[in-house]
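**Student:** Pasting a structure here, questions to come.
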Amino acid sequence: MATTPLLSTERPEDPGGEKASEKTGLLHSHLPLDVRNQWYALALSSDIPRAKRGKVGAAAESPMSTSLLGDPLVLWRDLSGKAYCVADRCPHRSAPLSLGKVHDTGHLECIYHGWQIDGTSGKVIEIPALEEGKSIPSNAKVPHYPVFEQDGVVYVWPGSVEEALSASKPARDTDDSGAPLVESSSFVLQTLCIDLPIDHSLMVENLLDPAHVPFAHEGTIGNRKMVEPLHMTVTKTANGFFGRVKEGLRNGFEAPCNIVLYTPPIPGKMDLYQYIGCTPTAPGQMRMIYRAYRNFATFAEKIPPLKRLFDNMTKKIIFQDYQLLLGQQQRLRERALPWNSTIQVDCLPLAYRKYWQRTFGKRSDGPWWRGWDGKMDIEDLEKLGSWDKDFDCNGCALPRRPHHPQNPLEHSGAPGHALRPDYPASWWKPWVPPVTVAVAALIALKLLN
């Protein structure tokens, strides 16, 4: 899709060098274009269900269902805690493996006939109904995906298994000195994993755009009274680029879809590093893997009400972006351009859009899943996209299934089950606030007497 020409980051009074003279059209020229053979942040380590000894069937853990570049995937852990990822389709009758259970053998058990899948190879290693002396069919296997864990994040490689073996591992979350933040005693970590029905490219551009903050985030981190002219200076990194509009602040992009923000309230004293995986689960859909490291108000992480305040503020900021990006996505589906008129400070997200056009934006031979038979058009995949998802209480996307009022298996809002606004609430929930106040009052009276 055509856009207006990209702007230069050049400004006459800037000193010479790459920062001053780099053209946005060249900022992405060093980045790999094969975005299938890349590591993607796909889950928080704490969210992956683990096998439990002696737990099978209904008592066992349910695996995690998600997707990556359109590929339907399922993730789980064995008894030792090792994570696995395979295609979410049973090689027997094509039932979703994500509807199954994590068997206490550490294998994934299909809900339909109990076939068990080995996570290392994707092969079926157990068929309960198989006659004695018979062999498991040689084609009883599913594609498996390399998995790597680091700093509390689970990364998945959707491309060649062989290439993953020799590929560089994902960069760690580090401070300016290169020290891993997760190992620092000075910083606390705030995390969030949430699925959003918007295209990941829109979120990436949004997070590379400091000019939107005073308006889109008014009431949280934005203040329209602080608006001022902005000039973006851009610098290449080994796997991306970053920009500055003020000394001590920066917005960075790392291929294929990661954002690094350094936005400290007081640089050097109150530091804030944000690492954000904007993972493309499908066209028009994304999963945000958010990590924020701060060295101020660290005590709040140990006080649940204060921790909730920080968590809710983060969500509010994200959903301020979400509401406008959802509207922007609708306009793009109506064949509007992602960029029309542009100014100098737009050069950073514009550089990303150029990279997107050469990678995720390719329609005929792009990186997207083409269906189980490999023949699905990208337009058909988009029809399976963001408007066909439900969400559970954790914000994780689920395939939309018709709500049936007589279905006793539906659990409103439970992990893995869609929220149903019309589902009757638990009878006791409205009584919690008044009962809590009454109990607190009685305790206070007793202490006073």
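The values are calculated or read from the model by the stated rules, or taken from the named source; none is laboratory data. None of the values given here were measured: they were computed from a predicted structure. Neighbour counts are summed over all protein chains in view; Cβ atoms, including those assigned to glycine, are modelled from backbone coordinates with ideal geometry. These area figures cover heavy atoms from the full protein model, side chains too; ligands, DNA and RNA do not enter into them. Shrake-Rupley method; radii C 1.70, N 1.55, O 1.52, S 1.80 Å.
**Student:** Please find, among ILE136, ILE117, the residue that is farther than 29 Å from ALA397 by Cα and of a type outside the set (Asp, Glu).
**Tutor:** Testing whether each residue is farther than 29 Å from ALA397 by Cα and of a type outside the set (Asp, Glu) leaves just ILE136.
**Student:** Taking the conditions exactly as written (more than 17 Å from ALA140 (Cα to Cα) and at pLDDT 95 or above), does TRP115 satisfy them or not?
**Tutor:** No; evaluated as a whole, the condition is false for this residue.
**Student:** Continuing with this model, one more query. Could you run through segment 210-251 and say how many residues are surrounded by fewer than 16 Cβ atoms within 10 Å (Cβ to Cβ) and small (Gly, Ala, Ser)?
**Tutor:** Looking only at that region, the number is 3.
For (1) open to solvent by 10 Å² or more (accessible area, probe 1.4 Å); (2) touching a residue at least 60 places away in the same chain (Cβ under 8 Å), each residue gets a yes or a no:
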position: PRO256; (1), (2): no, yes
position: ILE259; (1), (2): no, no
position: PRO265; (1), (2): yes, no
position: GLY284; (1), (2): no, yes
position: LYS302; (1), (2): yes, no
position: GLY327; (1), (2): yes, no
position: GLU334; (1), (2): yes, no
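**Student:** Restricted to segment 119-167, and to residues that are in a loop (DSSP other than H, G, I, E, B) and hydrophobic (A, V, I, L, M, F, W, C), which residue is most open to solvent (accessible area, probe 1.4 Å)?
**Tutor:** Residue satisfying both the conditions and the ranking: ALA129.
**Student:** From the list LYS362, LYS307, LYS316, exactly one residue is charged (D, E, K, R), farther than 25 Å from MET64 by Cα and in a loop (DSSP other than H, G, I, E, B). Which is it?
**Tutor:** LYS362
**Student:** Mind listing just one residue for me: the one in segment 168-182 that is under 12 Å from GLY152 (Cα atoms) and either of a type in the set (A, V, I, L, M) or modelled with pLDDT under 95 (or both) and, of those, most open to solvent (accessible area, probe 1.4 Å)?
**Tutor:** Only one residue tops the list, namely VAL182.
**Student:** Let me ask something else about it. Filter segment 183-209 down to the residues that are among the small types (Gly, Ala, Ser) and either under 30 Å from GLN323 (Cα atoms) or crowded, with 21+ Cβ neighbours inside 10 Å (or both) and list them by number.
**Tutor:** SER201
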